[in-house]
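The values are calculated or read from the model by the stated rules, or taken from the named source; none is laboratory data. As the structure is a prediction and not an experimental result, all values here were calculated from the model. Heads up, the Cβs are rebuilt from the backbone with ideal geometry, glycines too, and the neighbour counts pull from every protein chain shown. Side chains are part of the model used for accessible areas, which takes the heavy atoms of the whole protein and leaves out ligands, DNA and RNA. Shrake-Rupley method; radii C 1.70, N 1.55, O 1.52, S 1.80 Å.
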Amino acid sequence: MDHLPLRTPLPAHQREPVLDVVVPVHNEQADLERSVRRLHAHLRETFPYPFRITVADNASTDATPAIAARLAEELPETEWLRLAEKGRGRALHTAWSRSEAPVLAYLDVDLSTDLAALLPLVAPLISGHSDIAIGTRLARGSRVVRGPRREVISRCYNALLRSTLAVGFSDAQCGFKAVRRDVAERLLPLVEDSGWFFDTEMLVIAERAGLRIHEVPVDWVDDPDSRVDIWATALADLRGIARIGAALARGTLPMARLRRRDDGQPDGLAGQLLRFGGVGAVSTLGYVLLYALLRPAAGPQAANAVALLLCALANTAANRRLTFGVRGRDGALRHQAKGLLVFLVGLTLTSGSLAVLHGVAPDAARATELVVLVAANLGATLLRFLLLRAWVFRAGRRGTEARA
């Protein structure tokens, strides 16, 4: 599968809805009408594009379906859909999958998040700056009112995510998120959870694929009437963390389908050679400096090995991102492992050159050593490029992963 296309701004004048705001509900007859009318009025007054509000009712057993149907009749930009099975993730997956709006969002029906953050949330997606946007209650500029128990649980959960899955986003659970539709079309089929872990799973996969996640500090007031079963949700989240962690460790998620074509780099062999040459020039300079620093204390062979190893790790990481356009952490360890094998080839070539030099001229000056090593490194660099392109970051292999 091809990469995602480049992010581009949406045209200024649109007739069809640009934003589809989904409100997932289950037995919310008390809050539904008041919240939807408030959201509708806010969007009418402040949002500069056409919009739609979709009430996604997942298996309510009270008056929620009737209220949602009435609101859809009375408010022209409002629709509703009915799901036979319960699950917030299922409701979002269904509503987003069927929507034609280029920007998809959702918020919780209690409107705990101040609606003033809605336009800042979706603006980076409309402008083409970001792929996903999330509200965060844990940023410095956020203002949060909630009890100590929920505060502790939320911070512990996000700390757990950072320690186990090494995520970079700050707040996985805030019910205030948006995603570009082109991203959602490829991302949603990879998200398995149909409940409260849906948000976390979506964000973890997106971040590992290298998608750009924009965070918006929000003002948030806890709903004291929330009926979420905290402990059951926590256990489900732990199971979800274990499942997604195992999938990432096995490398079974086809991340390639979520990567965007790099808009700042020329494509094809010529562009790769230019970028590889730039990375190689910096690496060679770093190698020479390291060798010169290490040679007096370590001797020529050890100094060559250590300098080449350190530069090889940095070189592989730089070429992964800059030359071959591979983003995210997925497969990074595998690429480094292969890069180290390529390093061994280079080490053999440069060490062999040193051995030949010392065999022919045992008293060769250090300047001569450097000349021989630089020449050997040039040959090793060419071989390195061929191996990186044909084996380590082989395009055909990434295409196979994308189709998996």
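A few points about this structure:
- For Gly128, the residues 5 or more places off, or on other chains, whose built amide H falls under 5 Å of its own are Leu10.
- If R0 is taken as 56 Å, the Cβ-Cβ distance between Ala139 and Leu344 corresponds to a FRET efficiency of 0.80.
- Beta bridge orientation in the chain: antiparallel %, DSSP, nearest 5: 25 percent
- Sites listed here are trypsin sites (Lys or Arg not before Pro) in the stretch 137-217 whose DSSP assignment is loop and whose Cβ has at most 14 other Cβ atoms within 10 Å: Arg140.
- Whole-number percent relative contact order across the chain, with pairs defined as alpha carbons under 8 Å at least 6 apart: 16 percent
- Candidates Gly271, Gly359, Gly331: whichever shows maximal mean-square fluctuation once the chain is modelled as a Gaussian network with Cα springs under 10 Å: Gly359
- For the stretch 105-243, the square roots of the Cα gyration tensor eigenvalues, ordered a ≥ b ≥ c, give a/c of at least 1.5 with a/b no greater than b/c, which places it in the oblate category.
- Taking each residue as 0.36 nm, the span from Asp182 to Leu6 lengthens on full extension beyond its C-alpha to C-alpha distance by 62.3 nm.
- For the stretch 107-166: rounded, prolate or oblate by the Cα gyration tensor [a/c cutoff 1.5]: oblate
- Solvent-accessible heavy-atom area per residue, rounded to whole Å², over the stretch 114-242 at 1.4 Å: 42 Å²
- Kyte-Doolittle mean at least -1.0 and Cα axial length at least 20 Å: DSSP H helices in the chain: 148-165, 230-250, 268-298, 300-318, 332-360, 366-387
- Spin-label model distance (nm) - Ala298 vs Arg38, 7 Å beyond Cα toward Cβ: 6.3 nm
- 15 Å beta-carbon shell around Ala133, net charge (K/R +1, D/E -1): -1
- Long-range tail of P(r) for the chain (Cα pairs > 39 Å, %): 34 percent
- The Cα center of the stretch 321-391 and the Cα center of the stretch 43-57 differ in position by 57 Å.
- When the Cα gyration tensor is reduced to axis lengths a ≥ b ≥ c, the ratio a/c is 1.5 or higher for the stretch 16-161, and with a/b not above b/c it is classed as oblate.
- Cα→Cβ-extended label distance, 7 Å offset, between Val374 and Glu74, nm: 8.0 nm
- 5 angstrom amide H check on Trp80, placed H, neighbours 5+ away: Val55
- Surface composition of the chain: carbon and sulfur make up 60 percent of the accessible area, probe 1.4 Å.
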